[in-house]
Structures are given as C-alpha cells and as structure tokens.
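A.B. asks: Provided herewith is a single structure, encoded as structure tokens, for subsequent inquiry.
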Amino acid sequence: MAAAQSPLRVGVLGCADIAWRRTLPAMTACPDIEVTAVASRDEAKGRRFAAAFGGPRVLGYEELLAARDIDAVYIPLPTMMHADWVAKALRAGKHVLAEKPLTGDAKSTDELLALAESRDLVLLENVAFPHHSQHVRARQILADGAVGELKDFASVFTIPPLPDENMRYRPDIGGGALLDMGIYPIRAALYYLGSALEVLHAVLRIRSRTGAVVSGRILACTPGGVTADLVFGMEHSYRTGCAFAGSSGLLLLDRAFTPPPSLQPVLRIERQDHREEITFPVDDQFGNIVRYFANAVLTGSNMLDQSEMSRRQARIIDDVERVAVRIEIP
C-alpha cells in the first residue's frame with residue numbers, strides 16, 4: 001500500500017450521533033487528520049456539524065465520494081446501509097473507517113474486505129474499545145496468571161429502552177440489538193479468547209410488531225473448553241463489563257466498552273482471602289483508533305489482523321442467527 005500525505009483529508013458520510021459525540025471530536029483533535037467535508041441528506045444538520053468541527057464544506061453523498069481532495073471517508077450511517085456505501089467509497093478510491101458492525105453478515109463483510117485489499121485501500125471497522133489501554137493491561141495481567149488458568153469468560157452490554165422511533169427498532173436500517181450492542185461482548189470474547197471461538201447456543205428476543213432483536217444471550221466456547229457467556233440488549237439497566245473466572249480467582253473489568261476519556265478504569269481481582277483493585281490511567285479509545293486509522297493510511301502498514309477480526313466477528317453473527325432460539329415479545 002502506498003503511503004498517503006499528512007494530514008489525511010477525511011470526508012464524513014452521514015451525520016450520526018456517534019460521529020457528533022465521539023469520532024469527530026477525536027478526528028479534529030488528531031494532528032494527522034483534517035476533516036475536509038461533511039455529507040448529509042439534511043442540509044441543516046450538515047451545516048451544524050460543519051460549524052462544530054472546524055467548518056468543513058457540506059456536500060451530498062455522491063459529491064463527497066467524487067471529491068479529489070478527500071483521501072478517506074468515515075461512514076457512520078445506519079448499519080444496514082454500510083455495505084452499499086462502503087463499497088461505493090472503496091470504488092471511488094477512498095480509504096474507509098466504517099462504524100461497527102461493518103455489515104450484518106459474513107458474506108458482505110468478506111466481499112468488502114476483499115474489495116479493499118484488491119484496491120490497496122485501508123478498510124477499518126470502528127470498534128474502538130480494544131484500542132483502550134485498559135484492555136491491553138487486562139490481557140497482560142491474565143497472561144501473568146492473576147486468576148490461574150482461565151475457565152470462563154462473561155461479558156455484557158445492555159442499555160435501557162430507546163424511543164420507539166429509534167432506528168435500532170427497524171431491522172431494515174439499524175439491524176437491532178445483536179448488531180448494535182451484541183458486537184461488543186462478541187468482539188471482547190474474540191479479543192480475549194482467540195478467533196477459534198465456536199457458537200453453541202443463543203437466544204434472541206424479538207419485538208413481534210417490528211421484527212427487531214431487542215436482546216439476547218450467546219453461549220460459546222474455545223476448542224480448549226473455555227466458555228463464553230455473552231449478554232446484550234436494549235431493554236435493561238445500563239451494564240457494560242467483562243468477568244474472567246479462573247482456577248484460582250476472578251477478575252472483573254467494569255466500563256469495558258464505553259469509558260469516557262476522563263475515566264480511570266478500575267480492574268478488580270478476587271482470590272481466596274485476597275482482594276485488590278488496580279486503577280488504570282485515563283485513555284481515549286476514540287482518539288486512539290482514529291490515530292491508528294490515520295497511521296495505517298499514511299504509512300501503508302499491514303491491517304491483516306484487524307481484517308481477520310472483522311471477518312470472524314461477522315461469522316459469529318451468522319452462527320448466532322443460524323442456531324438461535326427466537327422468542328417473540330409484544
């Protein structure tokens with residue numbers, strides 16, 4: 001891959017809430033990125049974004065992809081629109097940072113990653129939490145035997161119910177809780193347990209009047225028998241975390257997925273007659289991933305590990321859809 005020139009000129013395709021709250025502030029703070037243009041189907045929203053993030057010009061979707069002064073595109077569109085617009089951006093010669101999940105199925109994900117590779121372009125799925133230093137440190141602590149031999153992993157990401165008009169309740173656009181919240185515990189299991197994870201069973205709760213997945217649970221395991229219990233949904237209290245049960249103790253990591261940059265995460269270790277807390281330094285996972293993306297484009301660095309993680313994640317989603325027991329609720 002040929003290296004690009006710094007700063008990386010980025011266009012934003014869609015004015016989503018995640019772009020407003022997290023990704024665009026991180027991009028505008030990154031010296032290696034220049035937010036050059038914003039595309040929105042709502043001109044007023046586009047101008048509001050432009051005013052807030054340094055005054056990039058406001059364009060239409062197709063106009064943005066045709067612009068010669070844009071090197072890369074950030075795509076925070078609703079999930080079920082990703083495959084089409086990521087493909088269009090790649091065919092226009094743009095590197096792409098796409099919101100998670102990259103697509104809703106393994107076949108589409110494979111096709112997009114193959115397209116990016118064939119055109120020597122970076123395609124990165126914006127799963128930010130593994131770029132937070134708390135996860136690097138937690139993995140080191142586990143490898144050092146803090147809880148003995150790992151036997152069981154559990155992870156959860158649940159949020160309270162959303163307004164009925166929220167796109168996550170529209171499977172044709174937002175994809176539902178499996179593709180939105182479920183990605184987090186699935187990706188965490190892959191991060192900590194490895195890519196050979198196998199889905200054994202799953203339950204999906206479906207809102208009958210819309211067909212949207214509103215919550216679910218997945219049981220998976222590694223070839224060595226380490227189990228993974230993964231819970232997700234949007235009909236709960238807010239919970240986000242990981243728990244690691246080993247032969248000699250328990251490790252707990254709270255605020256595992258969405259810590260604000262000002263938060264000092266706390267890891268707890270419990271063994272017989274022993275309890276300790278380790279406070280990690282503050283870190284900005286969105287700042288880290290946008291720098292990672294810019295560096296990959298600007299230096300032409302290898303992205304095979306990230307691509308493989310996105311592929312494996314998409315296959316697990318397919319496996320969950322295949323084996324899940326579906327429970328309809330009002």
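The values are calculated or read from the model by the stated rules, or taken from the named source; none is laboratory data. From a predicted model like this one, the values you see are computed outputs, not experimental measurements. Cβ sites come from the backbone with ideal geometry, for glycine too, and all protein chains shown count toward neighbours. Calculation scope for accessible area: heavy atoms of the full protein, side chains included, ligands and nucleic acids excluded. Shrake-Rupley method; radii C 1.70, N 1.55, O 1.52, S 1.80 Å.
A.B. asks: Place a label point 7 angstrom from the Cα of ARG139 along the Cα-to-Cβ direction, then list the residues of the range 272-293 whose backbone nitrogen is under 15 Å away.
C.D. replies: Residues passing the 15 Å test: 289.
A.B. asks: For the range 97-110, take each phi angle, set θ = phi - 60°, evaluate the Karplus expression 6.51 cos²θ - 1.76 cosθ + 1.60, and give the result in whole Hz per residue in order, putting x for glycine and proline.
C.D. replies: My calculation for the range 97-110 gives 10, 10, 4, 7, x, 4, 8, x, 7, 5, 4, 5, 4, 4 Hz in order.
A.B. asks: Ignoring any ligand, DNA or RNA, what whole percent of the accessible area of the chain comes from carbon and sulfur when the probe is 1.4 angstrom?
C.D. replies: Here it works out to 50 percent.
A.B. asks: Under the 0.36 nm per residue contour assumption, what length would be gained going from the current alpha-carbon distance of THR210 and LYS45 to full extension?
C.D. replies: 56.6 nm
A.B. asks: Among the aspartates and glutamates, which fall within straight-line cross-link reach of LYS100, defined as a Cα-Cα distance under 13 Å, with same-chain neighbours fewer than 8 residues apart omitted?
C.D. replies: Within reach: GLU125, ASP180.
A.B. asks: Compute, for LYS151, the solvent-accessible surface of its heavy atoms (probe 1.4 Å) with the complete set of protein chains present, and express it in square angstrom to the nearest 10.
C.D. replies: Per-residue accessible area (LYS151): approximately 100 Å².
A.B. asks: Let me ask you something else. Below 16 Å, Cα to Cα, which aspartates and glutamates can LYS151 reach? Residues fewer than 8 away in the same chain don't count.
C.D. replies: The qualifying aspartates and glutamates are GLU198, ASP229, GLU270.
A.B. asks: What figure in square angstrom, to the nearest 10, would you give for the accessible area of THR258 with a 1.4 Å probe?
C.D. replies: Answer for THR258: close to 40 Å² accessible.
A.B. asks: Further, regarding this structure: I'd like the Karplus ³J(HN,Hα) series for the range 282-289: coefficients 6.51, -1.76, 1.60, θ = phi - 60°, whole numbers in Hz, and an x wherever there's a Gly or Pro.
C.D. replies: 4, 7, 10, 5, 6, x, 5, 6
A.B. asks: Starting at the first residue of the range 159-174, write each ³J(HN,Hα) from the Karplus equation 6.51 cos²θ - 1.76 cosθ + 1.60 with θ = phi - 60°, in whole Hz, x for Gly and Pro.
C.D. replies: 9, x, x, 9, x, 4, 7, 4, 4, 5, 8, 10, x, 6, 10, x
A.B. asks: Okay, helix-only estimate at 222 nm for the chain: each DSSP H run of n ≥ 4 adds -39500 (n - 2.57), divide by all residues, round to 500 deg cm²/dmol; what do you get?
C.D. replies: Calculated from helices alone, the mean residue ellipticity at 222 nm is -9500 deg cm²/dmol.
A.B. asks: Determine the principal axes of the Cα atoms in the chain, then give the extent along each, sorted from largest to smallest and rounded to whole angstroms.
C.D. replies: Sorted from largest, the Cα extents of the chain read 62, 45, 36 Å.
A.B. asks: Still on this model: So what are the radius of gyration and Dmax for the Cα set of the range 1-124, in Å?
C.D. replies: Here Rg and the maximum Cα pair distance are 13.5, 38 Å.
A.B. asks: Let me ask you something else. At 1.4 Å probe size, what's the solvent-accessible area of ARG239? Round to the nearest 10 Å².
C.D. replies: Counting only protein heavy atoms, the figure is 110 Å².
A.B. asks: On to the next question. Which value, in debye to the nearest 20, describes the size of the charge dipole of the chain about its Cα centre when Lys and Arg Cβ atoms bear +1, Asp and Glu Cβ atoms bear -1, and nothing else is charged?
C.D. replies: The dipole magnitude comes to about 440 debye.
A.B. asks: I'd like to check one number: the per residue accessible area of the range 102-225, probe 1.4 Å, reported in Å² as a whole number.
C.D. replies: That works out to 39 Å² per residue.
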